[in-house]
Amino acid sequence: MSAVVQDQPRSDLRPPLAHRRLPRWAPAAVAVAAVAVACGIGAGAGLSSHLQWGLIALILFVVGTYALTSLVEGRRQAKDRVATSLVWACFILAVVPLYSLIETTVAKGVKVLDGNFLTHSMGGVITTGPGGGVYHAIIGTLEQVGLASLMAVPIGLFTAIYLVEYGRGRLAKAVTFFVDVMTGIPSIVAGLFILAFWIIILGFGYSGFAGSLALAILMMPVVVRSTEEMLKLVPNELREASLALGVPKWRTILKVVLPTSVGGILTGVMLAVARIAGETAPVLLLVFGNQLINNNPFSGAQSSLPYYVYEQYANGNDASYDRAWAAALVLIAFVMILNLLARGLARWKAPKTSGR
C-alpha cells in the first residue's frame, strides 16, 4: 500500500502555472503612444491649450493600459494597473500647478531681483519708474512673523500638551471645539477683531505689533492641531516605561515625549509660519503700510512682503509689476528657507537610533 502511495505524483511538485505578463517597457510605450495620439487629436481639433492635450493623453493612457493589460494579464491585473496609473496621474496633476507657479514667479521675478532691490526701500522712488527695493518689507515681515511666533508657538505648544497629556472632561472638549473653530476663521475677521480691540477700544495706533497680534490668532490653532497630532503618535509604552521608573510626568513629557515628536512639531510650526507669512488682510487693516524703513514694530506704520506685493500690483504699471513679482519670489524663498532650517533642526534634535 505504501508503494502505491509513493508512486503517485505529488501535487505540490507540479510546475507552477505560467502567467503572461507585460514587459517592463510596456507602460512607457503606452504613455508615448497616448501622448502622440493626444497631440494629433489636439492639433486636428484646433485645441490651443496644452492642458487639454495633457488631459486627453491622460485619458488615453488609462484606457490603453486597461485594454492592453486585460488582453495579456487579465482583468484583475488590469484594474491594479489602472489604479496605479491613476495614483501617478493625480501626483502629476498636483505637481504641475506647483511647477508652473514656481517657474512663472522665477521667470518674472528675476528681472529686478538683485542686491540693490534687497537693500533699498521705496523712499523717494516714483512708482511708475524703475528702482526701489523691498528691504523695508523684509524687515516688517521678519519682525511681524517673529513676534507672532513668539506669542503663538508657546501658547499652542502648551495647549496641545494639555489636551493630550492632561485634558479630560468638559474643559478639554471646549478647548478642542474652539481650536477647531479658530482654524477656519478668515484672516480678515482676525484683523477686524484686533482693530476693534487694540486700536479702537484700547487706543493704540497702527503698528507692526498690531498685525502680529492678528497673525498670532491665525497661527495658534495650526500649532495646536499639528502639535496635538504629533504628540498622539508617541507610543504610550514610552510614557509608561518612564513613569514606571519613577520619573515625574512633567519630566517624562519634557525628556521623552517632546524629543520623540520634535520633528513633527517643528514641521507643524513651519506650516503655521507659512500660513501667516503670506497674509495680507491683517496687514492692510493694522500695519497700514509704509514706503520707508521702520525698524520699530511697536510704533508707526510698517510694511511687509504680502502688503508690498499687493501695493505694487495695485499701481498698475510695468515697473511696479516687476517689483511685485520680485517680492513674491523673495517671499517664496523666505518660506522655503524656513522649511529647510526646520528640517535640519528636526533631524538634529530627533532621537538617535541604533540603525543610524
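The values are calculated or read from the model by the stated rules, or taken from the named source; none is laboratory data. This is a predicted model, so every value here is computed, not measured. Cβ sites come from the backbone with ideal geometry, for glycine too, and all protein chains shown count toward neighbours.
Quickly run through region 297-319 and pick out the residues that are assigned to a loop (DSSP other than H, G, I, E, B) and in contact (Cβ under 8 Å) with a residue 40 or more places away in the chain.
Pro297, Phe298, Ser299, Gly300, Ala301, Ser303, Ser304, Asn317
Could you list, ordered by first residue, the pairs with Cβ atoms under 8 Å in which the first is in region 121-144 and closer than 16 Å to Tyr313 by Cα and modelled with pLDDT of 90 or more and the second is in a helix (DSSP H, G or I) and not aromatic (Phe, Trp, Tyr), at least 6 apart or interchain?
If the second residue must be in a helix (DSSP H, G or I) and not aromatic (Phe, Trp, Tyr), the pairs left are Val134/Leu118; Val134/Leu305; Val134/Arg323; Val134/Ala326; Val134/Ala327; Val134/Val330; Ala137/Leu305; Ala137/Ala327.
In region 95-120, which residue that is in a loop (DSSP other than H, G, I, E, B) and touching a residue at least 12 places away in the same chain (Cβ under 8 Å) is surrounded by the fewest Cβ atoms within 10 Å (Cβ to Cβ)?
Out of the qualifying residues, it is Val110.
Filtering region 35-50 down to residues that are assigned to a helix (DSSP H, G or I) and over 27 Å from Ala78 (Cα atoms), which residue is modelled with the lowest pLDDT?
His50
Quick one: is Thr84 within 20 Å of Val32 (Cβ to Cβ), polar (S, T, N, Q) and surrounded by 14 or more Cβ atoms within 10 Å (Cβ to Cβ)?
Criteria not met by Thr84.
Quick one: count up the residues across region 49-65 that are exposed (fewer than 15 other Cβ atoms within 10 Å of the Cβ) and over 32 Å from the mean Cα position of the chain (by Cα).
Count: 1.
Confirm whether Trp250 is in the same structural domain as Leu157 (by TED's automatic domain parsing), assigned to a helix (DSSP H, G or I), of a type outside the set (Asp, Glu) and within 24 Å of Val125 (Cα to Cα).
So Trp250 does not fit the description; no.
Do you know which of the residues in region 280-310 that are among the aromatic types (Phe, Trp, Tyr) and modelled with pLDDT of 85 or more is nearest to Leu192 (Cα to Cα)?
Taking the candidates together, the pick is Tyr307.
Any residue in region 1-17 that is at pLDDT below 85 and in contact with a helix residue (DSSP H, G or I) (Cβ under 9 Å, 6 or more places away or on another chain)?
no
Among all residue pairs at least 6 apart or on different chains, which show Cβ distances below 8 Å where the first residue, located in region 149-167, is crowded, with 20+ Cβ neighbours inside 10 Å and the second is acidic (Asp, Glu)?
Correct list of pairs: Ala160/Glu228; Leu163/Glu228.
From the list Val179, Val189, which residue is in contact (Cβ under 8 Å) with a residue 12 or more places away in the chain, in the same structural domain as Gly263 (by TED's automatic domain parsing) and not charged (D, E, K, R)?
Of the residues listed, the single one that is in contact (Cβ under 8 Å) with a residue 12 or more places away in the chain, in the same structural domain as Gly263 (by TED's automatic domain parsing) and not charged (D, E, K, R) is Val179.
Answer with yes or no whether Trp53 is under 30 Å from Ala328 (Cβ atoms), at pLDDT below 85 and of a type outside the set (A, V, I, L, M).
Yes: the conditions hold for Trp53.
If you scan region 19-38, which residues turn out to be without any contact (Cβ under 8 Å) to a residue 24 or more places away in the chain and loosely packed, with under 15 Cβ neighbours inside 10 Å?
The answer is Pro23, Arg24, Trp25, Ala28, Ala29, Val32, Ala36.
Just give me the residues in region 121-138 being more than 17 Å from Pro282 (Cα to Cα), under 28 Å from the mean Cα position of the chain (by Cα) and buried (at least 21 other Cβ atoms within 10 Å of the Cβ), in sequence order.
Residues satisfying the conditions are Gly133, Val134, His136.
If Arg323 satisfies every condition in (1) surrounded by 22 or more Cβ atoms within 10 Å (Cβ to Cβ); (2) farther than 18 Å from Leu113 by Cα; (3) charged (D, E, K, R) but one, which is the exception?
(2)
Can you tell me which condition Gly203 does not meet? The list is (1) small (Gly, Ala, Ser); (2) surrounded by 14 or more Cβ atoms within 10 Å (Cβ to Cβ); (3) over 19 Å from Met270 (Cα atoms), and all the others hold.
(2)
How many of the residues making up region 147-163 are under 18 Å from Ser299 (Cα atoms) and touching a Pro at 6+ places or on another chain (Cβ under 9 Å)?
1
So if I check each of Ile185, Ile194, Ile201, which one is within 27 Å of Leu142 (Cα to Cα) and modelled with pLDDT of 90 or more?
None of the others qualify; the one that does is Ile194.
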